[in-house]
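The values are calculated or read from the model by the stated rules, or taken from the named source; none is laboratory data. In this text the structure is predicted, and so the values were computed from the model without any measurement. Cβ sites come from the backbone with ideal geometry, for glycine too, and all protein chains shown count toward neighbours. Ligands, DNA and RNA are stripped out before the accessible areas are found, and what is left, the full protein with its side chains, is counted by its heavy atoms. Shrake-Rupley method; radii C 1.70, N 1.55, O 1.52, S 1.80 Å.
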Amino acid sequence: SFPQYVTEAITGPTPDPPGVKLNKEGLKAKHPVVFVPGIVTGGLELWEGHPCMDGLFRKRLWGGTFGEVYKRPLCWIDHMSLDNETGLDPPGVRVRPVSGLVAADYFAAGYFVWAVLIANLARIGYEEKNMMKSNIELMVTTGGEKVVVIPHSMGVLYFLHFMKWVESPAPMGGDGGSNWCAKHIKAVMNIGGPFLGLPKIVAGLFSAEAKDIAVARAVAPGVLDLDIFGFQTLQHAMRMTRTWDSTMSLIPKGGDAIWGTLDWAPEADHVCVAKKNKKNDTQTAGENGVSNDDFKSHNYGRIISFGKDVAELHSSKVERVDFKGAVKGSNFANKSCRDVWNEYHEMGVGGIKAVSDYKAFTSESVLELLQFVAPRMMKRGSAHYSYGIADNLNDKKYEHYKYWSNPLETRLPNAPEMEIFSMYGVGLPTERSYVYKSSPASECYIPFQIDASAEGGNDQGCLRSGVYSVDGDETVPVLSAGFMCAKGWRGRTRFNPSGIKTYVKEYNHAPPATLLEGRGTQSGNHVDIMGNFALIEDIIRVAAGATGNDLGGDQVYSDIFKWSERIKLQL
């Protein structure tokens, strides 16, 4: 955040950044490095637009200053939205990725994403020409070394898809042949990877909410629901994000076998208030400093519960009415909010009541819920993504690209010398499930809200403002980030038939020691981890030639191995 000499003048000597430290050790650039950004870590610019965007050709609409959001918010939303039927550009609009490292170094002025990692790689000799090229084959041919790929967040899912695509025959695949990954890739170092999806994306698609919105409602009731200057914030956000097919790639995968049933979840004994010590092995209850008697089960498998009582009761005591056969149909007279409400205006009072009467939704019934409340969105999504667990990976249907971003419905490439790392932050409360309430006050309102009044109870601090939390990086729960490398791909499994070595590298969150550290050098936050010195050092060492074993193997602070063992999955 400040030049090192300024910081040291105030605080005294500080540790060298990883690039400086490793340069002194003699490490040099070896393997080409490829970045695969996620949502926050990429940039989008305008190539064609309506008159309200005149003068902004090749200007940033996503990432950068976001000045256009404040100047012309409705125009910005129109240009950031895709067609809700096709998922493609609306007529007269083209928004495209910014190219090169400049697209990914800073998300907004002063808010780094890849910039710290790029600067440290530069310290041992990396330049843009050997980090970002459109053709990995060219890098391998000209440099003679395999690439190290560093995907972040959603980019993790897209590179998983890419590895299947590049080896699959044309026309559906890239026709690179069955040994393409073995020939070209040394390691894939996934940062904050939502391999199995995100519960928070369910809240985002269902009601355009997450923990921050729920907390804001608790602090200032009614403010977010006001129609300020004719701009209904959450309603427009829902209209826009429901047109992004990319958001549907983050819907939880693996169903109830992974995420839990009405009365079971692998993380049910998580203690939100306990301080965890470092450990590198499977844990048993009581190892984190809390006695077995203190554990209370959480119904995390109920991703959505209508009412706190529903979230806590045993399922046998919850009366549920199936919503799937409910009769829809608008009962509203005023149709002025049709463009804002997206598909909710078509449900009518009866459809809205049917959803809340079902009371509790697990991962599998959440898919049915989204198909009920947003059928056009889910029709598009089902053409591109799948969320199950493969029974037989030899089935020809799994050759279709819709399965390639789901690690439970595709195989890793035949590349036994390649290594896969799952690198993510822990020690931060991360959204896992939600307490909801109905709010059919007006047709312009989103009819469901996280119940911000739901607090405490049998939760040992896990329930705050209607959101149940579990361990993670504030965005991705440990289960989603770690399960595949901890169990699903560990050793030779049906998902990893060539036995690619996998490593779990967790980074325990520590806040900045002083204001001069900015967002910190030991952060476990989903985005701020990109400035975590320990993570950067691990990446540089692998880029310079080290293996996972050279880094010390797994580094685990959470209960990921214990939770993974509770998941009964055919391997």
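If you go through the stretch 133-161 and keep only what is out of contact with any Pro (no Cβ under 9 Å at 6 or more places or on another chain), surrounded by 16 or more Cβ atoms within 10 Å (Cβ to Cβ) and part of a helix (DSSP H, G or I), you end up with just His161. Kindly evaluate Gly63 against the criterion of being farther than 29 Å from Arg541 by Cα and touching a helix residue (DSSP H, G or I) at 6+ places or on another chain (Cβ under 6 Å). So Gly63 does not fit the description; no. When Gly55, Gly42 are screened for being part of a loop (DSSP other than H, G, I, E, B), modelled with pLDDT under 90 and either of a type in the set (S, T, N, Q) or under 25 Å from Leu157 (Cα atoms) (or both), only Gly42 passes. Of everything listed in (1) open to solvent by 40 Å² or more (accessible area, probe 1.4 Å); (2) assigned to a loop (DSSP other than H, G, I, E, B); (3) under 19 Å from Lys253 (Cβ atoms), the single unmet condition for Leu408 is (1).
Would a scan of the stretch 368-380 turn up a residue that is in contact with a strand residue (DSSP E or B) (Cβ under 7 Å, 6 or more places away or on another chain) and at positive phi? No, the stretch 368-380 contains no residue that is in contact with a strand residue (DSSP E or B) (Cβ under 7 Å, 6 or more places away or on another chain) and at positive phi. Filtering Glu145, Glu137, Glu127 for residues that are within 21 Å of Met189 (Cα to Cα), of a type in the set (Asp, Glu) and at pLDDT 90 or above leaves a single hit, Glu145.
Note on the stretch 17-39: residues that are assigned to a helix (DSSP H, G or I) and either under 26 Å from Phe159 (Cβ atoms) or without any contact (Cβ under 8 Å) to a residue 60 or more places away in the chain (or both) total 4.
In the stretch 423-438, the condition of being hydrophobic (A, V, I, L, M, F, W, C) and assigned to a loop (DSSP other than H, G, I, E, B) is met by no residue. Only a single criterion out of (1) surrounded by fewer than 16 Cβ atoms within 10 Å (Cβ to Cβ); (2) modelled with pLDDT under 50 is not satisfied by Arg320, namely (2).
Of all the criteria given as (1) loosely packed, with under 15 Cβ neighbours inside 10 Å; (2) in contact with a Ser or Thr (Cβ under 6 Å, 6 or more places away or on another chain); (3) of a type in the set (A, V, I, L, M, F, W, C), the one not satisfied by Cys52 is (2).
Give me the residue from the stretch 516-550 that is touching a Ser or Thr at 6+ places or on another chain (Cβ under 6 Å) and part of a helix (DSSP H, G or I) and, out of that set, surrounded by the most Cβ atoms within 10 Å (Cβ to Cβ). Result: Ile529.
If the condition is being closer than 16 Å to Ile251 by Cα and among the hydroxyl-bearing types (Ser, Thr, Tyr), then the stretch 469-485 contributes Thr475, Ser480. Examine the stretch 74-93 for a residue that is touching a Phe, Trp or Tyr at 6+ places or on another chain (Cβ under 8 Å), open to solvent by 20 Å² or more (accessible area, probe 1.4 Å) and at pLDDT below 90, and state whether such a residue exists. The answer is yes; a qualifying residue exists. The sole residue among Gly472, Gly553 that is modelled with pLDDT of 95 or more and in a loop (DSSP other than H, G, I, E, B) is Gly553.
Within the stretch 485-509, the residues that satisfy the criterion of being farther than 18 Å from Glu537 by Cα, open to solvent by 30 Å² or more (accessible area, probe 1.4 Å) and in a loop (DSSP other than H, G, I, E, B) are Arg490, Gly491, Arg492, Arg494, Pro497.
Tell me the helices (runs of 4 or more DSSP H) entirely within the stretch 187-259 that contain at least 3 residues that are modelled with pLDDT of 90 or more.
Qualifying helices (runs of 4 or more DSSP H): 199-207, 255-259.
Of the residues making up the stretch 344-390, those that are assigned to a loop (DSSP other than H, G, I, E, B), buried (at least 19 other Cβ atoms within 10 Å of the Cβ) and not polar (S, T, N, Q) are Met347, Tyr358, Lys359, Ala374, Tyr385, Tyr387, Ala390. Just one of the numbered conditions (1) open to solvent by less than 10 Å² (accessible area, probe 1.4 Å); (2) in contact (Cβ under 8 Å) with a residue 60 or more places away in the chain is not true of Pro429: (1).
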